[in-house]
Every structure is written in C-alpha cells, then in structure tokens.
C-alpha cells in the first residue's frame, strides 16, 4: 500500500474500488467504492471517506504521490 501521513502520524491506505466489509475494533465496518481503507501503526483497520482522506492525509513519499495520481486518473474524485 502507499504510505500517507495523518498529521503527524503515518498510516497505510488504499482507495477501494468495490464494496468491502471488515471487522474493526468497533464491530463490522462497511466501505464503499471511493472510500479509503486505512491501516494504523497498531494494525487497526477502518474506512474514511474520500473527502476526509483529502482533508486529513498527505503523501509521505513519491510512491504515495504517484499512487494518488493513479487514483485520480482512474476516478473522478478530483485529488
């Protein structure tokens, strides 16, 4: 996964392209296409909306910057 930083904590994230269900610490979580699956340093997984991702996270390195560019090219999210 590409690495991003939630000011100032680094996480791993991937933009999902199909509905997804995971078991999180708070129960069953559902993500929809365009949401981001976040994995914290502690290994906890959760979803955030595309808008929340834009507001709260920034790329850590060139790999993450290129991943965002790729996501933008195949979606209409407007990163």
In this structure, is residue 50 surrounded by 15 or more Cβ atoms within 10 Å (Cβ to Cβ) and out of contact with any strand residue (DSSP E or B) (no Cβ under 6 Å at 6 or more places or on another chain)? yes
Residues that are under 10 Å from the mean Cα position of the chain (by Cα) and surrounded by 15 or more Cβ atoms within 10 Å (Cβ to Cβ): does the stretch 21-30 have at least one? no
Across the stretch 57-79, the tally of residues that are touching a residue at least 24 places away in the same chain (Cβ under 8 Å) and either assigned to a loop (DSSP other than H, G, I, E, B) or surrounded by 15 or more Cβ atoms within 10 Å (Cβ to Cβ) (or both) stands at 11
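Laboratory data are not the source of any read-out in this text; all were calculated from the coordinates shown. Since we're looking at a predicted model, the values are computed, not measured. When we count neighbours, we look across all protein chains shown, and the Cβ atoms used for this are built from the backbone with ideal geometry, even at glycine.
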